[in-house]
Amino acid sequence: MEKSIKEKRKQAIDVMVDRVRCCLTEGVDESSLELAKHELMRLCEKKELFPREEFPTPSTERPELFFHVYADPVQEYSLYVYSALPGQTYRPHNHGNSWAIIAAIEGREIHSLYRQTGHSRAEWVTDITVQPGTAVSLLPGRLHAIRSAGDCPLMHLHFYGKAFEIQGERVEFDVKTGQAYHLTLDERHLSYIIDARH
């Protein structure tokens, strides 16, 4: 009996996670995350495993959704399918105590990388375009701002060393005012997450 798309997707995700574990066996640094990034990009190539019927484009009332498709028992690794309308933006922020890898199935985003230059200031370093065939990786504490590009709805994979709920305190920066904001994701933020693991 042929496997369903969901079964095939679970198998492909499990293979990706196992390969990433191998990449990160000696620890997380720029080189090992670069290797892991390519494993996530390989998963993005299997576009047929992420049909819009299961990960629909959101509505204008709620323009972005995160579908949680994988978490290991201790939430060490967590994978989300990010589905969003064009026009989404995020100011410079980190992901608390988690590393992050973002790769594209559909749509294009500009990820602006920043470095923290003081207690409440961040300075732009470079831009990376994340679209099919490319990805961005961030060590814990590293900063990026995000803006979607073009008019195509987004479907990206977000892979983290820890689930959103346990990433700890984030820092966000308002580069215009030079202010920093410390926050922990609350119910309002987590309401955009749909559990799609089962």
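Numbers for the structure displayed
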{"quantity": "10 Å Cβ shell holding at most 11 others, DSSP loop, trypsin sites (Lys or Arg not before Pro): longest site-free stretch of the chain", "calculated": "53-175"}
{"quantity": "Using a Förster distance of 30 Å, the FRET efficiency for R42-E123 (Cβ separation, nearest 0.05)", "calculated": "0.35"}
{"quantity": "Estimated dipole of segment 152-196 in Debye, rounded to 20 [Cβ of Lys and Arg +1, of Asp and Glu -1, Cα centre]", "calculated": "160"}
{"quantity": "Inter-probe distance in nm under a simple model that places probes 7 Å from Cα toward Cβ, at E34 and L183", "calculated": "3.4"}
{"quantity": "Cβ-based net charge around S120, under 11 Å, with every Lys or Arg adding one and every Asp or Glu removing one", "calculated": "-1"}
{"quantity": "Cα-centre dipole for segment 5-195 with unit charges at Cβ (Lys and Arg positive, Asp and Glu negative), debye to 20", "calculated": "260"}
{"quantity": "Options T134, Y77, H158, ranked by Cα towards positive dipole end of the chain, top entry (Cβ charges)", "calculated": "T134"}
{"quantity": "Segment 1-150 - Debye-derived log10 I(q)/I(0), Cα point model, q = 0.09, 0.11, 0.17, 0.19 Å⁻¹", "calculated": "-0.30, -0.45, -1.09, -1.34"}
{"quantity": "For segment 125-190 versus segment 48-99, the gap between their alpha-carbon centres in whole angstrom", "calculated": "11"}
{"quantity": "Charge tally in the Cβ shell below 15 Å around S191, where Lys, Arg are +1 and Asp, Glu are -1, S191 excluded", "calculated": "-4"}
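FYI, it's all coordinate maths here, none of it is from the lab. What you see is a predicted model; the values in this text were computed from it and never measured. All Cβ positions, even for glycine, are placed from backbone atoms using ideal geometry, and neighbour counts span all protein chains on display.
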